[in-house]
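Asker: Just passing along the structure, written as structure tokens.
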Amino acid sequence: MAKVIVVTSGKGGVGKTTTSASFSSGLALRGNRTVVIDFDVGLRNLDLIMGCERRVVYDIINVINNEISLKQALIKDKNCDNLYILPASQTRDKDALSLDGVERILNELKETFDFIVCDSPAGIESGAFTAMYFADEALIVTNPEVSSVRDSDRILGILAAKSKRAVDGLDPVKEHLLITRYDPKRVEAGEMLSLTDIQEILRIPLIGVIPESESVLQASNAGTPAIHLEKSNVAEAYRDVVGRFMGEENLPIRFTTVEKKSFLQRLLGGR
């Protein structure tokens, strides 16, 4: 049975689209037929990070309006044989994302895919609500700062009360906490919230920590999901997240402490 996973948060700029791209890529690299959907109508960015912006002809609104078939709108990923992208529209209004239309698309995708990843826009307006409404599981993406954590808490309330699972009286949406842009040095200096602080506030299971890294921006600009960056901490962290999602519970949470320099590194000034 296909699972619908929403990647969401209340605050913008926390790394939802970066996470959607790497998480869906990671699922596909493990042999799962995966599709990732951009719900940010009017401000689409997923196609840029996936490196397929020049191949976008149709979008999710064209499918909802029955102007084309779903198959015509899907774009095959250039890095993963099992991954497809359904882009958002840049010219339509978010209100064009009707619940009925999205449900029809999801039901059709469930016939051929194992995982459907929904890249939610920021905030709590209609586009974000629609992306969350049909979710079976949710990755709550949070930065280690007070405003981001507070907005994520608001999203948890919406998932608990207004998702389709909540409305239908089914088991609740399974929630996973993903902390991005984590810098242990700044945490030690008191400039960022610690893992313990964030978990005490949100009280949902931690699925992973993505370290702060300039390589994420470089990958985005190159149209390559960060999980494909060879020998990078960010790629390793996203692979760990996918592994835990797939049931590998013994994977340690890495990149959360300040790396101790060796005697030689200290002697040479860290170079």
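Asker: Quote the relative contact order of the chain in percent (integer), defining contacts as alpha-carbon pairs under 8 Å separated by 6+ residues. If you can, show how the numbers build up before the last one.
Answerer: Numbers: 538 pairs, mean separation 64.6, N = 271.
Averaging sequence separation for qualifying contacts and normalising by length gives 24 percent for the chain.
Asker: Restricting to the chain, compute how many DSSP beta bridges are antiparallel as a %, nearest 5.
Answerer: Close to 5 percent.
Asker: Per residue, how large is the accessible surface of the chain? Use a 1.4 angstrom probe and give square angstrom.
Answerer: On the way: 13020 Å² over 271 residues.
With the other protein chains kept in place, the chain gives 48 Å² per residue.
Asker: Quick one: helix 99-109 against the long Cα principal axis of the chain, what's the angle to the nearest 10°, folded into 0 to 90?
Answerer: 80 degrees
Asker: Something else: Ignoring ligands, DNA and RNA, please state the percent of accessible area on the chain from carbon and sulfur, probe 1.4 Å.
Answerer: About 48 percent, which is the carbon plus sulfur part of the accessible surface.
Asker: At each listed q (0.14, 0.16, 0.19 Å⁻¹), what is the log10 of I(q)/I(0) that the Debye formula gives for region 13-151 modelled as equal alpha-carbon point scatterers?
Answerer: -0.59, -0.78, -1.13
Asker: Can you tell me the 0 to 90 degree angle between the C-alpha axis of helix 16-29 and the longest principal axis of the chain, rounded to 10?
Answerer: It works out to around 80 degrees.
Asker: If each Cα of region 99-169 is one equal point scatterer, what is log10 of I(q)/I(0) from the Debye formula at q = 0.26 Å⁻¹?
Answerer: -1.30
Asker: Sticking with this structure for a sec: Take the Cα radius of gyration of the chain and divide it by 2.2 N^0.38 Å, with N its residue count; two decimals is plenty.
Answerer: The value comes to 1.01.
Asker: Take every Cα pair under 8 Å in region 1-99 that's 6+ residues apart, average their separations, divide by the length, and report that relative contact order as a whole percent.
Answerer: For region 1-99, the relative contact order is 31 percent.
Asker: Assign unit charges at the C-beta atoms only (+1 for Lys and Arg, -1 for Asp and Glu), then state the dipole size of the chain relative to its Cα centre in Debye, rounded to the nearest 20.
Answerer: 640 debye
The values are calculated or read from the model by the stated rules, or taken from the named source; none is laboratory data. Quick caveat, the model's predicted, so the values are computed rather than measured. No Cβ is skipped: glycine too gets one built from the backbone with ideal geometry, and neighbour counts run over all protein chains shown. SASA here: full protein model, heavy atoms, side chains in, ligands and nucleic acids out. Shrake-Rupley method; radii C 1.70, N 1.55, O 1.52, S 1.80 Å.
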